[in-house]
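Data block below; observations after.
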Amino acid sequence: MKSRTKTNGLLACRLNSLRFRRLTEIRGQFIADCLASLITPGSRVLDLGCGNGVVSAIICDRFRLDFVGADVRQALVTDIPFTAVTPYGELPFAPGSFDAVLLNDVLHHFPSQMDLIDRALRVGRRVFAFEDKPSRTSGLLERVINFVHYGGLPGGYNRDAAGWRRFLAVSGYDFEVREVGRPTAWYPFEHFVIVIGNVQGILDRQLPERQGRPG
């Protein structure tokens, strides 16, 4: 147990190194760009699975949000309000507490994805999820992050765009799955933005054109 804790600590330091943080900042700016047509500035937002808080801080600052980060452990390297949560328990917020709940690279960590979406929509009006297209590279990085941040939480529950649409089609929620490509040509992952819940009135808004996004 001690050796695993020590290993996790060393890996966490590596993941929070300047190089990794810079990559995270690029991803954070990309996520913020993709959310620009969806998030109302000044709204109350929960970032569920906020990790080290780098992406959270970028989104919070961009839109001047009333913001709360939440995760199963506190690993913040930024100064954002934080609430600890359990992986499978009810969220410690009153129903309807948030205008939106963010699930940035979170859903593919959970075998019970619909349960997580249900819990998020109890406390928020809409869910905005950001997911990567399945690939060998993304699968390897996911296993590393699962080990370091979640202590071995199961992962690998990725889907392609058609898979997400089939999965959500039986949920009873309004939803939209959009392929948004990647922030730069050299960036290793391509992504989706998934909107779940009360999406009426926002689906016709356009997300920014990005490298690798389908025409």
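If Val85 meets every condition in (1) aliphatic (A, V, I, L, M); (2) within 21 Å of Cys34 (Cβ to Cβ); (3) out of contact with any helix residue (DSSP H, G or I) (no Cβ under 6 Å at 6 or more places or on another chain); (4) without any contact (Cβ under 8 Å) to a residue 40 or more places away in the chain apart from one, which number is that one?
Going through the list (1) aliphatic (A, V, I, L, M); (2) within 21 Å of Cys34 (Cβ to Cβ); (3) out of contact with any helix residue (DSSP H, G or I) (no Cβ under 6 Å at 6 or more places or on another chain); (4) without any contact (Cβ under 8 Å) to a residue 40 or more places away in the chain, Val85 breaks only (2).
Which count do you get for residues in the range 169-181 that are hydroxyl-bearing (Ser, Thr, Tyr) and either surrounded by fewer than 18 Cβ atoms within 10 Å (Cβ to Cβ) or closer than 16 Å to Ala36 by Cα (or both)?
Adding up the residues that qualify gives 1.
Does Phe82 satisfy the criteria of being surrounded by 15 or more Cβ atoms within 10 Å (Cβ to Cβ), farther than 22 Å from Gln113 by Cα and in contact with a strand residue (DSSP E or B) (Cβ under 6 Å, 6 or more places away or on another chain)?
Yes, satisfied.
Run Thr184 past the list (1) of a type in the set (Val, Ile, Thr); (2) surrounded by 13 or more Cβ atoms within 10 Å (Cβ to Cβ); (3) modelled with pLDDT under 90 and report the number of the one that doesn't hold.
(2)
All but one of (1) in a helix (DSSP H, G or I); (2) charged (D, E, K, R); (3) modelled with pLDDT of 85 or more hold for Asp99, so report the exception by its number.
(1)
The values are calculated or read from the model by the stated rules, or taken from the named source; none is laboratory data. Quick caveat: nothing in here was measured; it's all calculated off a predicted structure. All Cβ positions, even for glycine, are placed from backbone atoms using ideal geometry, and neighbour counts span all protein chains on display.
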